[in-house]
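Single-structure report; data block below.
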Amino acid sequence: MAGGQKKFVVGCFDDEAVLFPAVKKVRKAGYKIHDVYTPFPVHGLDHAMGLRETSIHTAGFIYAITGTTTAVAFISWIFTKDWPLNIGGKPHFALPAWIPITFELTVLFAAVGMVLTFCYLCNLAPFVKKHVFHPRATDDLFVMAIECTDKTNEAEVQSFLSNAGAIEINIQVAETGWWIGRYDREQKLYKEEVGY
Amino acid sequence: MSLLKYESQQREPLINGNKDYHQVTEDIVRPIEMKPSRLWYIGFGISVALLLFGVYSIYREVTYGIGQWNLNKTIGWGWDITNFVWWVGIGHAGTLISAILLLFRQGWRTGVNRAAEAMTIFAVMCAGQFPIWHMGRVWMAFFVLPYPNTRGPLWVNFNSPLLWDVFAISTYFTVSLLFWYSGLLPDFATVRDRAKTKFRKMMYGVAAFGWSGSTKHWQRHESLSLVLAGLSTPLVLSVHTIVSFDFATSVVPGWHTTIFPPYFVAGAIFSGFAMVQTLMIVVRKVLNLQDYITLGHIEAMNKVIVLTGSIVACAYLTELFIAWYGQNTYEMWAFFENRGNLFSPYGWSYYLMMFCNVVSPQLFWSRKLRRNITVTFFMSIIVNIGMWFERFVIIVTSVYRDFLPSSWSTYYSPSIWEIGFYLGTFGLFFTCFFLFGKYFPTIAIAEIKAVLKTSGENYKAKMTDIEKADSEKFYIEEVEHAH
């Protein structure tokens, strides 16, 4: 997809209490929210936008059991097969004495693995540059980017956003690629949801 | 006005003053964008000087051997291991604040967690120096790592608490660093997006990893923080437990005690909170952050100090009781002669420890004293001294008069290089901390913003008015609506 260009109508809100109903209205009207950029985690915004739950904790669990298995397998191989030390005639397979290291490796694998996964999924790394829709999105504005297609009437979207309470609205063109995100695929359509 | 979350009006606001989101950014990022003050340069200069003295002390030790420290065959662990345990202990408060208080949903952690976590990381860096340089032949330090080698392969002893320590400390350092840095990403992005110079924009851009504030990223970030907190909680308890195993699994009277793990963990949190107080009281004043680190925060931390101090006191008394109840000659000797006898060679250190850790924290039962900054500052220093002496008492008074009277060593006092090494770690710690205070957002900006509308003074005041006007209507419209 890289190389192409996409057009976005960007609306900025200064209050999360205005943002929530706006998200609801925009989705109800059938516009496609590319993303909402916020200065802090706004609880419930992911649900309001119809994003699915993250499964990063499941990845964490898998890394954790990998750590446990690695530690137990490695130490038992060393102390029973590769170099069995006779320590006062005590059993070679001294599982209770290995618990601390097993625990530490479980935590280490889970933490390192999860952070790397997090960086990979969010495309975070040093020297990565992304399209910034509004510099105040990390300060005090909640920035909603709506993706335009050929059929979109931009003026209509703009007035729609202004009615919804946006304080600043503009149109931006960004080069498509991984750096503008790829979460549009996971967003469910408004009508598919229950509970509203 | 629609509210997203409701917090009891009985609670003290966590953020004072009339703040909005932008003001929070301004207040916290200001020290980064300003030129450092004269005081900063002086403090930084002293820290670097101490660090260099430490480096020279280490040079002496490496060149001439462990004999440069006044250790001997009887006292093989002296100041160095005392300092190691002391520094590791200090680190524990940072993790307690960032992880355990997150799981307990304590809102006040947001004001202090960033600096406390920084303290953890720097303290663990200092702690790590001691066992490494204590090896003597430090160029063989890599022998502690289990890797296939040409010596057999001869593996490390996985049954030894000293090796558990290697894994515990390195894991603790790594996990704390990851937890801290993942929390810093959004705040670095804040600094990046308002940078006025090209250089700053580039540096913070690199540090922010390209953070954009996307909702999906936040969702993952929240999940990551929660799991890392869940992992760090047992981790922090395990680290000092394992440090205590270094002693508890031995057969030395005074060390061979089953109470050590909980006693060490409580002591670690106790000393760590004292260090957080020392640092925070200075930081909030110098960086002008009194609105974010309020008297309420200081009081909350003093409550933790009086709680953990009392647990430690309980452990001291239990030890004494068990020594008497067990009627073991050697155990009795360690506790009632080497420590309890004020006129024995190191008896004074035991009573100093008792005074600093058991008697003095009891002041904090008084609310007035808990909220007094001067008292808190002095108390935090006293507790730090007391907790240093606790480790000194445990290590030195247990071994200096051992089973063989001809090898008793009643004349141990540290050499200048042993002290220099300790001062050097202070240099390392404060060099890092000064750099942190200048170049890093010292308070978690995003986390403060997330609690601003529930716990900010101006928002709380507004809520009280609405509540008063029509409490029933308020409940139906605002509280129920929010869910």
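Going by amide H atoms built from the backbone, whose H comes under 5 Å of the H on A:Lys32, apart from near neighbours?
A:Glu147
Please list, or write none, the lysines whose alpha carbon is within less than 21 Å of the alpha carbon of B:Lys462, excluding same-chain residues fewer than 8 places away.
B:Lys5, B:Lys19, B:Lys449, B:Lys453, B:Lys473
Report, ordered by chain and residue number, the lysines lying within cross-link reach of A:Lys129, taken as a straight Cα distance under 21 Å and ignoring same-chain residues fewer than 8 apart.
Partners found: A:Lys6, A:Lys7, B:Lys196, B:Lys198, B:Lys201, B:Lys216.
What are the residues whose amide H is under 5 Å from the amide H of A:Val132, where those residues sit 5 or more places off or on another chain and H is modelled from the backbone?
none
Enumerate the calculated ³J(HN,Hα) couplings along segment B:271-287 in order (Karplus 6.51 cos²θ - 1.76 cosθ + 1.60, θ = phi - 60°), each rounded to whole Hz, writing x wherever the residue is Gly or Pro.
Values per residue, Gly and Pro as x: 5, x, 5, 4, 5, 4, 4, 3, 5, 5, 4, 6, 4, 5, 6, 5, 8 Hz.
Can you list, largest first and rounded to whole Å, the semi-axes you get for the protein assembly as shown by taking the square root of 5 times each eigenvalue of its Cα gyration tensor?
Gyration-tensor ellipsoid for the protein assembly as shown: 51, 29, 23 Å.
For an R0 of 51 angstrom, estimate the FRET efficiency from the Cβ-Cβ distance between B:Arg151 and B:Thr197 and round to the nearest 0.05.
Computed FRET efficiency for B:Arg151 and B:Thr197: 0.40.
Show me, for segment B:458-464, the HN-Hα J-couplings you get by feeding each phi into the Karplus relation (A = 6.51, B = -1.76, C = 1.60, θ = phi - 60°), rounded to Hz, glycine and proline as x.
5, 6, 5, 4, 4, 5, 4
For chain B, find the longest principal axis of its Cα atoms and tell me its angle to the long axis of helix B:161-193, 0 to 90°, nearest 10.
On a 0 to 90 degree scale, this one is about 20.
In whole Hz, with x marking every Gly and Pro, tabulate ³J(HN,Hα) for segment B:380-385 from phi via Karplus 6.51 cos²θ - 1.76 cosθ + 1.60, θ = phi - 60°.
5, 5, 4, 5, 5, 5
Within segment B:66-93, whose backbone N sits under 18 Å from a point 7 Å along Cα→Cβ of B:Trp408?
B:72-76
Quick one: helix B:295-326 against the long Cα principal axis of chain B, what's the angle to the nearest 10°, folded into 0 to 90?
30 degrees
Just tell me how shielded A:130-143 is by partners: mean number of partner chain Cβ atoms within 10 Å of each residue's Cβ, no decimals.
6
What value, in deg cm²/dmol to 500, does the helix sum -39500 (n - 2.57) over DSSP H runs of n ≥ 4 give at 222 nm once divided by the residues of the protein assembly as shown?
It comes out at -19500 deg cm²/dmol, rounded to the nearest 500.
Which order do the peptides A:11-18, B:39-46 come out in when sorted by mean C-beta neighbours inside 10 angstrom, highest first?
The peptides rank, most packed first, as A:11-18, B:39-46.
Compute the acute angle (0 to 90°) between the alpha-carbon long axis of helix B:215-248 and the principal axis of greatest extent of the alpha-carbon atoms of chain B; round to the nearest 10°.
So the helix axis and the longest Cα principal axis differ by about 20 degrees.
Would you mind putting A:45-54, B:88-97 in packing order, based on average other-beta-carbon counts within 10 Å, highest first?
Per-residue Cβ counts within 10 Å, averaged per peptide and sorted highest first, yield B:88-97, A:45-54.
For Cα pairs less than 8 Å apart in space and 6+ apart in sequence, what is the mean separation divided by the residue count of segment B:326-403, i.e. the relative contact order in percent?
It rounds to 34 percent for segment B:326-403.
Leaving out same-chain residues fewer than 8 places away, which lysines sit with a Cα under 16 Å from that of B:Lys468?
Result set, ordered by chain and number: B:Lys460.
Quick one: compute the contact order of segment A:56-121, relative version, from alpha carbon pairs under 8 angstrom and 6+ residues apart, as a percent.
Relative contact order comes out at 57 percent.
Evaluate the relative contact order of chain A (contact order divided by residue number), counting alpha-carbon pairs under 8 angstrom at least 6 apart; express in whole percent.
51 percent
FYI, it's all coordinate maths here, none of it is from the lab. No experiment lies behind these values; they were computed from the predicted model shown. In this analysis, Cβ positions are derived from the backbone assuming ideal geometry, glycine residues included, and neighbour counts consider all displayed protein chains.
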